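Here's the structure, in structure tokens; my notes come after.
The values are calculated or read from the model by the stated rules, or taken from the named source; none is laboratory data. Bear in mind the structure is a predicted one, so any value in this text is a computation, not a measurement. For neighbour counting, all protein chains shown are included, and Cβ atoms are generated from backbone atoms with ideal geometry for every residue, glycine included. Note: areas computed on protein heavy atoms with side chains; ligands, DNA, RNA excluded. Shrake-Rupley method; radii C 1.70, N 1.55, O 1.52, S 1.80 Å.
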Amino acid sequence: NIFQKIINKEIPANIIYEDKLALVFDDISPQAPVHMLVIPKKNISKLSDCEKKDSEILSHLLLVVKIITDKLGISDYRVVINNGSEAGQTVFHLHLHILAGRNFGWPPG
């Protein structure tokens, strides 16, 4: 998938952060002035495919959100995880959207 190609540096992306477990880059179709994706380097198709053994990766992804938002001085943001095509997931590699820079309504969608 496209995210694995970004992880493998086969296609370019504006990478904001990388460590041994995760990668953060700008979304190519932003839905807010700030729209980044946080992905695990391990290919997990969607949140509902996670297992207990993935708990370290899942918690790490949320900590990466904090690291990035702190680093960029972003205090108000939304984190979104779409699970499945009916929920809006278009790339089947688990990813968290960090959205900021505008007001968001509730309920979403």
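Sorted by average packing, counted as other Cβ atoms within 10 angstrom per residue and highest first, what order do 61-68, 95-102 take?
My ranking of the peptides, most packed first, is 95-102, 61-68.
For the chain, what's the relative contact order in percent, using C-alpha pairs closer than 8 Å and at least 6 residues apart?
Answer for the chain is 31 percent.
Treating the beta-carbon of each Lys and Arg as +1 and of each Asp and Glu as -1, no other charges, what is the dipole magnitude of the chain about its Cα centre, to the nearest 20 debye?
With only Lys, Arg, Asp and Glu charged at Cβ, the dipole is about 100 debye.
Express the accessible area of the chain per residue in Å², computed with a 1.4 Å probe while the remaining protein chains stay in the model.
60
What whole-number value in cubic angstrom gives the convex hull volume per residue for the C-alpha atoms of the chain?
107
At a 10 angstrom cut-off on C-beta neighbours, averaged per residue, how do the peptides 34-44, 76-86, 16-26 rank from highest to lowest?
Packing order, densest peptide first, comes out as 34-44, 16-26, 76-86.
Using 0.36 nm per residue of separation minus the Cα-Cα distance, give me the extension gain between Ser48 and Leu72 in nm, one decimal.
5.6 nm
If you take the charge dipole of the chain about its Cα centre, with +1 on Lys and Arg Cβ and -1 on Asp and Glu Cβ, which of Asn103, Leu58, Gly84 is farthest toward its positive end?
Most positive-ward Cα: Leu58.
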